[in-house]
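Worksheet: the structure to be examined is printed underneath.
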Amino acid sequence: MLRPSIPEFVPRDHKDLADVLVTRLGFGQLLCRADAAETVDPTGYYLFRHDHGNASFVKVVEEHRAMRQSAADAVAGWVADFGVRTPKAIAGFPFRFGGRYTVFAYEYIPSRFAKASPSDLRSVGHTLGVMHTALSQRTDVDETRRLSALRVSMLNYRREIVCAGKYLPESKMWHVSAILEREAPIFKLLDEAANCQSLHGDLVYGNILFPLAGGDPVVLDFEDCGVSWLPVVFDLALVLERFILLPEENDDNAFRLAEEMLRGYIQTIGQSKKILACRLSDCLRLLAARALTTLAEMEARGVGVDASEWGKFLSLHRHALSRTSLLSRIEARYLV
């Protein structure tokens, strides 16, 4: 979902999980997302509401995903040491559950979504600046670079297959093939761009939230950081798209908000204004094309993809094309 709503949590009748959480968190009630209340599989997101009034956020993953989640938590801890606010992991977690699951738990921070306002966007820009500075100083990035290169190789292989007409599971796929053929030249940005570093990689609308109690934004979900070795413009472009361009249709208003965000970013990193290693339109079109290629890879591996997912990224590609003039205006003073 491009503009999600704050999830509703309802009681969940999962006694085994509730009982083991009580032994580690104290007395309280286990709640699950309302859209998963009838699901038997315990994987997913939970809220554990303590009897004393606070709450903890609980995530249950299958065992094979536990290593990736732990790596994401390590990155979150790294950027938190530099001043980025992230939910703190709770002592005693993670632990194995039910033979094939792993349970993670974090402090729960009641939050709201960002507003399309100058103050919120300046705060987002400041937080991105602190986070990118922290990520640029990571030393354990060899695995990130290796996995990122592997991901790029897979995407290029799948893109070539789709463009060759050898992978067309449904009639609608000719739209995807046409996009991947058209955008083939900009795929080189994934493996030829200069000024690469570790990035967050998934700064969608729901992953930067504002605490209701005030203060700097909270950054969530660092799982894609392990495969994201790119210039910072890719993080910045995604935030511009999801936080400004999609909700604000008026180009002049969107331009002013983008200026606020990028000003907050530059003031934080303390560098020159030439922060964009490539064009914003190229980045956003590439991100949409990359997502479509990923969906094609999933389908090729037998993982069903809902039609709405295809539609979402086809729509994002069209949207990036429609805002090309605005994106050129935004980047004019920031392009290297």
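The values are calculated or read from the model by the stated rules, or taken from the named source; none is laboratory data. This one's a predicted model, so the numbers in the text were calculated from it and none came from an experiment. Every residue, glycine as well, gets a Cβ built from its backbone with ideal geometry; the counts of neighbours run over all protein chains shown. Just the protein is used for accessible areas: all its heavy atoms, side chains included, with ligands, DNA and RNA removed. Shrake-Rupley method; radii C 1.70, N 1.55, O 1.52, S 1.80 Å.
Structure above, values below:
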| read-out | value |
| --- | --- |
| The range 36-98 - Rg over Rh from alpha carbon coordinates, Kirkwood radius | 1.00 |
| Contour minus Cα-Cα distance for S70 and D224 (0.36 nm per residue) | 54.2 nm |
| Solvent exposure ordering (accessible area, 1.4 Å, most first) of F57, F27, F187 | F27, F57, F187 |
| Among L314, C278, A332 - extreme Cα towards positive end, dipole of the range 278-336, charges at beta-carbon | A332 |
| Exposure rank, largest accessible area first [H175, H64; 1.4 Å] | H64, H175 |
| Computed accessible area, E63, all protein chains, 1.4 angstrom probe, square angstrom | 70 Å² |
| Rounded to whole Hz, the Karplus (6.51, -1.76, 1.60) HN-Hα couplings of the range 214-228, x for glycine and proline | x, x, 5, x, 9, 9, 10, 6, 9, 4, 6, 4, x, 10, 10 |
| Computed over the range 202-275, the ratio Rg/Rh where both radii use C-alpha atoms and Rh is Kirkwood | 0.97 |
| Simple label model, 7 Å out from Cα along Cβ direction - Y157 to T139, nm | 3.4 nm |
| Square roots of 5 times each gyration tensor eigenvalue, C-alpha, the range 150-249, largest first, Å | 31, 18, 13 |
| Residue-level accessible surface for L147, protein heavy atoms, 1.4 Å, Å² | 50 Å² |
| Flagged links, alpha-carbon separation over 29 Å, of K274/K312; K188/K274; K115/K312 | K274/K312 |
| Solvent-accessible area, 1.4 Å probe, carbon plus sulfur percent, for the chain | 52 percent |
| Summed side-chain charge close to I90 - residues other than I90 whose Cβ falls under 15 Å, Lys, Arg +1, Asp, Glu -1 | +2 |
| Stokes-Einstein translational diffusion, the range 1-85 - Kirkwood Rh over all Cα pairs, 1.306 mPa s, 10 °C, in µm²/s | 109 µm²/s |
| Cα-only Debye scattering, the chain: base-10 log of I(q)/I(0) at q = 0.08, 0.11, 0.12, 0.15 Å⁻¹ | -0.41, -0.79, -0.94, -1.39 |
| Pairwise FRET efficiency - D16 versus N250, Cβ, R0 = 41 Å, nearest 0.05 | 0.20 |
| For Y108, solvent-accessible area (1.4 Å; no DNA, RNA or ligand), Å² | 90 Å² |
| Whole-Hz ³J(HN,Hα) from phi, Karplus 6.51 cos²θ - 1.76 cosθ + 1.60, for the range 98-110, glycine and proline x | x, x, 9, 10, 10, 10, 10, 9, 9, 4, 9, 10, x |
| Solvent-accessible area per residue for the chain (1.4 angstrom probe, square angstrom) | 48 Å² |
| Crossing angle, helix 307-322 versus the chain [Cα axis fit, 0-90 degrees, rounded to tens] | 40 degrees |
| Environment charge of R159, counting only residues whose C-beta is closer than 12 Å and scoring Lys/Arg +1, Asp/Glu -1 | +1 |
| Residues listed by number, the range 184-207, amide nitrogen under 19 Å from A149 label point at 7 Å toward C-beta | 187-199 |
| Candidate residues T39, T23, T293: accessible-area rank, largest first, probe 1.4 Å | T23, T39, T293 |
| Longest DSSP-loop-exposure-free segment, trypsin sites (Lys or Arg not before Pro), the chain, at most 15 other Cβ within 10 Å | 173-272 |
